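Taken together, the values in this text are just the output of simple stated rules run on the coordinates, not laboratory data. Quick caveat, the model's predicted, so the values are computed rather than measured. Neighbour counts run over all protein chains shown; Cβ positions are idealised from the backbone, glycine included.
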Amino acid sequence: MTFKKIASVFPLLAGVLWGLTGIFVRNLNGIGINNLHLTFFRSFFAALSLVIYFLITDKSKLKVNPKDLWCFFGTGILSVLSFSVCYFYTLMHSSVSVAVILAYTAPFFVLILSAIIFREKITALKSVALIMATAGCFLLCKTDTNTPVTAGLTAVGLLAGLSYASYSIFARFVVGKYPPLVITAYTFIFASAGSLFLVDFGEFSAALSASPSSIFTIFIFSLVSTLMPYTLLTIGLKYVEAGKAAILTTTEVLTASLVGILFFREKITAAGILGIILILAAVALINIKLSPKRF
């Protein structure tokens, strides 16, 4: 099996890792660490880890063309920072399933933007897979029917979806120019710099003093649900179209729903089970090689 074939499933693995986010966010929020704190520190730890890595191995790789900085502004500020603030907020004010379904309007945005910017074809196969994945997401949302979803919360969730989608768009402009870890490093340098102005460090210190061990949890969170999945997605975008990658990452919805059920006792319904089946079927469908004449 070639690396290209292996890398083509990296977006799927990225989705699984992102699906674990709710575990960290809910637990840390329980001790007073809010969405703005998490946004800054997960980006900071990810950026710091990568910068140290390059300083030890080959610091010359950190040199980038100033003309490409707008792409990193896009991946860091307009995508990661905006997405983190909005997504963590919805996770803290709704069920895991509801938060994820609102964020997973992203594939719609990716397919449309990719068609406009990169001239990617919206094929019948992609359309069917997207419809199946989206329907599955909405059905999974039914796993928790007691959670009120206000207009304001819906707007924040949709903004998370648009922000999420923009990463695949901005990253596509630089995936052929720099190694994936360099793109990820600059993404989180920009994200941490932008979020620096949003954090109340006094409030964070108070929460941390009450539970010093939580700093370790934040570090693991930045590694497992931030650094690793974004690196996997960036590598995958070199071999997979942005639209296809967006559909593959719907594994996050499945993972997050299972997290809600197993860790937070959110209920699963028959509709939720059907949603899981549809998402798995969509992921399988998007990987089927069919004749261009048919699709």
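Of the residues Phe190, Ala207, Leu233, the one whose Cα sits farthest toward the positive end of the charge dipole of the range 116-243, with +1 on the Cβ of Lys and Arg and -1 on the Cβ of Asp and Glu, is Leu233. For the range 110-126, backbone phi angles converted through the Karplus equation (6.51, -1.76, 1.60; θ = phi - 60°) give residue-by-residue couplings of 5, 4, 5, 5, 5, 5, 6, 8, 9, 6, 5, 7, 8, 6, 4, 4, 4 Hz, Gly and Pro being listed as x.
Count Lys and Arg as plus one, Asp and Glu as minus one, and take only other residues whose Cβ is under 12 Å from that of Tyr178; the net charge is then +3.
Computed 3J(HN,Hα) for the range 204-219, one whole-Hz value per residue from the Karplus formula 6.51 cos²θ - 1.76 cosθ + 1.60 where θ = phi - 60°, is 5, 4, 5, 5, 5, 5, 6, 8, x, 5, 5, 5, 5, 4, 5, 5, glycine and proline marked x. Rounded if a/c is under 1.5, else prolate if a/b beats b/c, else oblate: with a ≥ b ≥ c from the C-alpha gyration tensor eigenvalues square-rooted, which is the chain? Verdict is oblate for the chain.
Among Lys4/Lys59; Lys61/Lys177; Lys4/Lys244; Lys67/Lys238; Lys121/Lys177; Lys67/Lys121, which pairs are too far apart, with a Cα-Cα distance over 22 Å?
Distance filter (> 22 Å) returns Lys4/Lys59; Lys121/Lys177; Lys67/Lys121.
Cross-link partners of Lys126 among aspartates and glutamates, defined as those whose alpha carbon lies under 13 angstrom from its own and excluding same-chain residues fewer than eight positions apart: Glu241. Here the chain is assigned +1 on the Cβ of each Lys and Arg and -1 on the Cβ of each Asp and Glu. Its dipole about the Cα centre then comes out at about 1120 debye. For the chain, the 222 nm mean residue ellipticity estimated from helices alone, with every DSSP H stretch of n ≥ 4 adding -39500 (n - 2.57) and the total spread over all residues, rounds to -21500 deg cm²/dmol.
The magnitude of the dipole of the range 25-107, with charges of +1 and -1 set on the Cβ of Lys/Arg and Asp/Glu and taken from the Cα centre, is near 140 debye.
Where nothing but the Cβ of Lys and Arg (+1) and of Asp and Glu (-1) is charged, how large is the charge dipole of the range 173-295 around its Cα centre, in debye to the nearest 20? Present the calculation step by step, with values, prior to reporting the outcome.
On the way: 8 positive and 5 negative charges, 151 e Å.
For this selection, approximately 720 debye.
In the range 1-159, a dipole from Cβ-located charges (positive for Lys and Arg, negative for Asp and Glu) runs towards its positive end, and of Pro107, Leu50, Ser97 it is Leu50 whose Cα lies farthest in that direction.
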